[in-house]
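Peer 1: Questions regarding the structure given below will be posed in turn.
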Amino acid sequence: MLWGPPGVGKSQMVAQIGERHQVPVVDIRLSQMEPSDLRGIPFRNDDMVEWAIPAILPSAERHGEAGILFLDEITSAPPSVSAAAYQLILDRRLGEYKVPDGWAIFAAGNRQGDRGVTYTMPAPLANRFSHFEVDVNLDDWVHWAYENSMDERVIGFLRFRPELLFDFDPAHNPVAFPSPRSWEFAHRALQKFDRHPQLLQGSLQACVGPAAGVELTAFVNSLEQMPDLDAIVKGEESSVPQEIDLQYAVAAALVGRAIKAQNSPDAAIVTGHILDYANRFPQREMGVMLVSDLHRAIGEPLFQVPQFSEWATAIADVMLYQ
């Protein structure tokens, strides 16, 4: 059972697990169901009453021998529906139906203090689960963002303002607020309205809230002062900006350039020039952050680049003692 506030990626985590293991995910939203939707419909067979098993439940014949049965929004389900799921969750069966042996059961829901539509989870149901709290982590989110081709300007901004990755105060009941999910919306808004500055700020505020939307707009507008990224990846002389926000933006953009170059013959050369530039940041911690993100993004090939050992030697005291 995954607990967490809205927008932290509980449902997406389960979908990614299914994708990673190449197994299907059967997503059942209990909040949208009646008890009979799980149990099935009775029908008469001679002198007996049998139950028609709902097609949404996983079947080895239709779905495969292994997979994930995901009971999403379980805390938003009325008690009568969650009670119908007791046997399914603990005994892996409902009447004559049995969950295939190779299937795992996950559930997710918001907590009562998150201002969602929630019911208290009954103790008998809670006792059928192992419970995990889902929290946000900026490094993990940045790794996911690069893998999913998120706009480097959003990544750079959140490196600069990490506390805005998730900023939700249920006491104020905000409509739009910063969360991993809403930053993905902001990425889409940047792609759509980048050439329409009169619409950009309003669309970003609609995604991540008024304050964060204004800050991201100001950050994007300041990027006109960024050094030439093409010159950096070619190894040409380029200045390092003095403004911290621009340094974060440059670091995020260079990781994006390294990812795009991985399938080209010049991948090692581009990575080497980025490592050379990482050595030039006034704050060495900025270079450490850049190379750490680079390692998460491209993996072991980073260690084969000659400049990596030079960079590692130069920042050894930072890595060891700070």
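Peer 1: With 122, 100 as the choices, which residue is surrounded by fewer than 17 Cβ atoms within 10 Å (Cβ to Cβ), farther than 27 Å from residue 172 by Cβ and touching a Ser or Thr at 6+ places or on another chain (Cβ under 9 Å)? Walk me through how you get there before you give the answer.
Peer 2: Details: 100 fails: surrounded by fewer than 17 Cβ atoms within 10 Å (Cβ to Cβ).
Answer to the selection: 122.
Peer 1: Of these, 189, 171, 206, which one is within 21 Å of residue 6 (Cβ to Cβ) and modelled with pLDDT under 95?
Peer 2: Among 189, 171, 206, only 171 is within 21 Å of residue 6 (Cβ to Cβ) and modelled with pLDDT under 95.
Peer 1: Do we have any residue at all in the range 143-151 that's in a loop (DSSP other than H, G, I, E, B), in the same structural domain as residue 257 (by the TED database), open to solvent by 40 Å² or more (accessible area, probe 1.4 Å) and not basic (Lys, Arg)? Show your work before the answer.
Peer 2: First, the residues of the range 143-151 that are in a loop (DSSP other than H, G, I, E, B): 148-151.
Imposing the further condition that a residue be in the same structural domain as residue 257 (by the TED database) reduces the set to 148-151.
This time we only want the ones that are open to solvent by 40 Å² or more (accessible area, probe 1.4 Å), so: 148-149.
Then drop every residue that is not not basic (Lys, Arg), which leaves 148-149.
Yes, because at least one residue in the range 143-151 is in a loop (DSSP other than H, G, I, E, B), in the same structural domain as residue 257 (by the TED database), open to solvent by 40 Å² or more (accessible area, probe 1.4 Å) and not basic (Lys, Arg).
Peer 1: If a residue has to be surrounded by 20 or more Cβ atoms within 10 Å (Cβ to Cβ), under 19 Å from residue 100 (Cβ atoms), touching a Pro at 6+ places or on another chain (Cβ under 6 Å) and not small (Gly, Ala, Ser) to count, how many in the range 59-87 make the cut?
Peer 2: Residues meeting the conditions: 1.
Peer 1: Restricting the search to the range 232-253, which residues are touching a residue at least 40 places away in the same chain (Cβ under 8 Å) and either at negative phi or not in a loop (DSSP other than H, G, I, E, B) (or both)?
Peer 2: Within the range 232-253, the first condition is being touching a residue at least 40 places away in the same chain (Cβ under 8 Å), and the residues that meet it are 232-233, 235, 240, 242, 244-245, 248-253.
Result: 232, 233, 240, 242, 244, 245, 248, 249, 250, 251, 252, 253.
Peer 1: Give the residue, chosen from 22, 12, 32, that is modelled with pLDDT of 95 or more and open to solvent by 50 Å² or more (accessible area, probe 1.4 Å).
Peer 2: Just a single option satisfies the conditions, and that option is 22.
Peer 1: Looking only at residues in the range 103-119 that are surrounded by 13 or more Cβ atoms within 10 Å (Cβ to Cβ) and of a type in the set (Val, Ile, Thr), which one is nearest to residue 180 (Cα to Cα)?
Peer 2: Looking at residues that are surrounded by 13 or more Cβ atoms within 10 Å (Cβ to Cβ) and of a type in the set (Val, Ile, Thr), I get 118.
Peer 1: Quick check on residue 8: is it in contact with a Phe, Trp or Tyr (Cβ under 7 Å, 6 or more places away or on another chain), in a loop (DSSP other than H, G, I, E, B) and not polar (S, T, N, Q)?
Peer 2: Numbers: in contact with a Phe, Trp or Tyr (Cβ under 7 Å, 6 or more places away or on another chain): yes; in a loop (DSSP other than H, G, I, E, B): yes; not polar (S, T, N, Q): yes.
It is true that residue 8 is in contact with a Phe, Trp or Tyr (Cβ under 7 Å, 6 or more places away or on another chain), in a loop (DSSP other than H, G, I, E, B) and not polar (S, T, N, Q).
Peer 1: Out of the residues in the range 128-142 meeting the condition of being out of contact with any Gly (no Cβ under 8 Å at 6 or more places or on another chain) and under 25 Å from residue 82 (Cβ atoms), tell me which one is least open to solvent (accessible area, probe 1.4 Å).
Peer 2: It comes out as 129.
Peer 1: With the structure loaded, tell me whether residue 93 is assigned by the TED database to the domain that holds residue 62 and free of Cβ contacts under 8 Å to residues at least 24 places away in the same chain or whether it fails that test.
Peer 2: yes
Peer 1: Which residue, of 219, 177, 157, is touching a Phe, Trp or Tyr at 6+ places or on another chain (Cβ under 6 Å) and in a loop (DSSP other than H, G, I, E, B)? Spell out the reasoning first.
Peer 2: Details: 219 fails: in a loop (DSSP other than H, G, I, E, B); 157 fails: in a loop (DSSP other than H, G, I, E, B).
The unique qualifying residue is 177.
Peer 1: Given the residues 104, 55, which is the only one that is assigned by the TED database to the domain that holds residue 20, free of Cβ contacts under 8 Å to residues at least 12 places away in the same chain and not in a helix (DSSP H, G or I)? It would help to see each step written out before you state the result.
Peer 2: Values: 104 fails: free of Cβ contacts under 8 Å to residues at least 12 places away in the same chain.
Of 104, 55, the one residue that is assigned by the TED database to the domain that holds residue 20, free of Cβ contacts under 8 Å to residues at least 12 places away in the same chain and not in a helix (DSSP H, G or I) is 55.
Peer 1: Next question, about the same structure. Inside the range 52-73, can you point out the residues that are touching a strand residue (DSSP E or B) at 6+ places or on another chain (Cβ under 7 Å), aliphatic (A, V, I, L, M) and modelled with pLDDT of 90 or more?
Peer 2: Across the range 52-73, the qualifying residues are 57, 66, 68, 69, 71.
Peer 1: Within the range 160-169, count every residue that is outside any helix (DSSP H, G or I) and without any contact (Cβ under 8 Å) to a residue 60 or more places away in the chain.
Peer 2: Matching residues across the range 160-169 total 4.
Peer 1: Then there's this: Among the residues of the range 283-301, is any within 23 Å of residue 138 (Cβ to Cβ), more than 25 Å from the chain's Cα centre (by Cα) and not in a helix (DSSP H, G or I)?
Peer 2: Checked against the condition, which is being within 23 Å of residue 138 (Cβ to Cβ), more than 25 Å from the chain's Cα centre (by Cα) and not in a helix (DSSP H, G or I), the range 283-301 yields at least one hit.
The values are calculated or read from the model by the stated rules, or taken from the named source; none is laboratory data. Since the model is a prediction, treat every value here as computed from it, not as a measurement. Reconstructed Cβ throughout: ideal geometry from the backbone, glycine too, with neighbour counts over all protein chains shown. Heads up: the accessible areas ignore ligands, DNA and RNA and are worked out on the full protein's heavy atoms, side chains in. Shrake-Rupley method; radii C 1.70, N 1.55, O 1.52, S 1.80 Å.
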